[in-house]
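One structure is given here, and the rest of the page talks about it.
Throughout, read-outs are computed from the coordinates displayed, never taken from laboratory work. The structure presented is a predicted model; accordingly, all values stated were derived computationally and were not measured. Cβ: placed from backbone, ideal geometry, glycine included. Neighbour counts: every protein chain shown.
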Amino acid sequence: MTQAPPDADARRAIPPVICYPNDTLPVPDMALYASALAGAQVVSSVLAPPREACHFRVRAGQFFRITSVDGPQVGDLNLWHDGDLTERFYSGKTRALHGTHVSTAERLWSSFPHLRPMATIVEDTLGWYGIDGFGGSVHDVIGTRCDPYTGNLLAGTQYHHCCHSNLTRALSDATGLPLLEAEPHVHDVLNVFMCTGFTRDTGQYFMKASPVRPGDHLTLFAEIDLLGALSACPGGDCSAQHSSDSAACFPLQVEVLAPAAGALQGWNPPVANGYNRSHGR
Ligand SMILES: [Zn+2]
């Protein structure tokens, strides 16, 4: 341990400053989205079986809804711009803009050089949870995804149904890419329904039993054409462990909903980011 300077307490007492004040972000028209959702019809439905992933496509202007069925289960979500896999969900920047966990009226942002909203959360039946006494909350953008490499590093295992592998297979199925070409497009996730935080004493990433129950759902509006993949994590509700077959696991349902014609009057898809990309030269 290094020796603290005489003014250590004073330095620690400096109040924090929000890195990215987000009050200048474009504000989504939540009333318009709500009225469009009220008249929307389910046009497709797919199930991510336990310890497997599914894929789905959502046109810009449609909604997709992830629902817990049968039992408490968390899901790892990847999103790409359908037709351009290089534009994908940017978990880290979404965290920087909105915080460690996301809910209604917050957005999932895409990677550079696009940095535009891919999807907007319009319904979250776990919105009541807030931040619990341990600092835990739901729908995080702090975890990466369970993966076989970390398992091998820590325990020497060869496990094939981590979310990383499930998402890799789902993307391969959706695009026809061989597994090893699909894998680099898999990225850090939105942990749907997962309850996570950081311990105050050691700063370690923790998980705890998800408060999700069958019927709970998270509904998002697609701002651009999306290809999505959702893995029903082998951790189940993530109350004990992941990266093995020991936890109770349940499926997750993904429905795509199309609003009625004319229901989105006034909405326009987000344009590409305005930075000129000259990088100072
Ligand atoms: Zn997982």
- Item | C-alpha center-to-center spacing [the stretch 236-281, the stretch 160-228] in angstrom | 10 Å
- Query: Tell me, which longest segment in the chain has none of the chymotrypsin sites (Phe, Trp or Tyr not before Pro) that fall in DSSP loops with at most 10 further Cβ atoms within 10 Å?
  - Reply: 129-274
- Query: Between rounded, prolate and oblate, where does the stretch 139-281 land on the alpha carbon gyration tensor, with a ≥ b ≥ c its root eigenvalues, rounded for a/c under 1.5, else prolate if a/b exceeds b/c?
  - Reply: prolate
- A student applying the Cα gyration tensor rule (rounded when a/c is under 1.5; otherwise prolate if a/b is larger than b/c, oblate if not) would label the stretch 113-215 oblate
- Length added when fully stretched, residue 246-residue 69, from 0.36 nm per residue minus Cα-Cα: 61.8 nm
- Computed lengthening from residue 160 to residue 267, 0.36 nm per intervening residue step minus Cα-Cα distance: 34.3 nm
- Task: Would you list the membrane-span-like helices of the chain, meaning whole DSSP H runs whose alpha-carbon atoms span at least 24 Å along their axis and whose mean Kyte-Doolittle value is at least 1.6?
- Result: none
- Query: Ratio of the chain's C-alpha Rg to 2.2 N^0.38 Å, to two decimals?
  - Reply: 1.05
- Give the shape of the stretch 1-55 as rounded, prolate or oblate, defined through the alpha-carbon gyration tensor: a ≥ b ≥ c are the square roots of its eigenvalues, a/c under 1.5 means rounded, and otherwise the shape is prolate if a/b is larger than b/c and oblate if not. oblate
- Query: What is the Cα convex hull volume of the stretch 30-100 when expressed per residue in Å³?
  - Reply: 155 Å³
- When the helices in the chain are scored as -39500 (n - 2.57) per DSSP H run of 4 or longer and the sum is shared across all residues, what 222 nm value do you end up with, to the nearest 500 deg cm²/dmol? -4500 deg cm²/dmol
